[in-house]
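The values are calculated or read from the model by the stated rules, or taken from the named source; none is laboratory data. Just so it is clear, the model here is predicted, and its values are computed rather than measured. Here the Cβ positions follow ideal geometry from the backbone for every residue, glycine too, while neighbour counts run over all protein chains shown. Only protein heavy atoms, including side chains, enter the accessible area calculation; ligands, DNA and RNA are left aside. Shrake-Rupley method; radii C 1.70, N 1.55, O 1.52, S 1.80 Å.
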Amino acid sequence: EDSYVKLVVFDIFGREVLTLVNKSETAGYKSASFDASNFASGMYFYRLTASGKEKSFIQNRKMLLLK
């Protein structure tokens with residue numbers, strides 16, 4: 001279903017460092033690019049939130065940035 005989608009990247013201290021997506025999206029597979037050229041190597045987290053008419057979805061994952 002169509003949803004309002006937010007994809008945010010956090011540093012190891014839980015500070016929001018970048019918002020990749022913050023808009024209404026149609027149903028289907030999507031991708032987002034993360035330009036990490038200004039970020040230090042290390043552990044980061046991202047949160048994907050999708051809020052639709054009938055359901056909400058939240059997923060937190062970690063990612064390791066190596067340069």
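Brief remarks on what is shown
- Within the accessible area of the chain, the carbon and sulfur atoms contribute 52%, probe 1.4 Å, all protein chains present.
- Solvent exposure ordering (accessible area, 1.4 Å, most first) of TYR29, TYR46: TYR29, TYR46
- Pair-distance distribution P(r) for the chain, from all Cα-Cα distances in 10 Å bins starting at 0: 20, 49, 24, 7, 0 percent.
- Listed residues SER31, SER51, SER41, most fluctuating in the chain (Gaussian network, C-alpha, under 10 Å): SER31
- In the complete set of protein chains, residue-level accessible area for LEU18 is approximately 50 Å², probe 1.4 angstrom.
- Converting phi to 3J(HN,Hα) with the Karplus coefficients 6.51, -1.76 and 1.60 and the offset θ = phi - 60°, the range 39-47 yields 10, 7, 4, x, 8, 10, 10, 9, 10 Hz in sequence order, with x at every glycine or proline.
- Point-charge dipole on Cβ atoms (K/R +1, D/E -1) for the chain, about Cα centre, debye to 20: 160 debye
- Each of VAL17, VAL9 has its accessible area taken with a 1.4 Å probe; listed largest first, they run VAL17, VAL9.
- Accessible area of the chain divided out per residue, in Å², using a probe of 1.4 angstrom: 79 Å²
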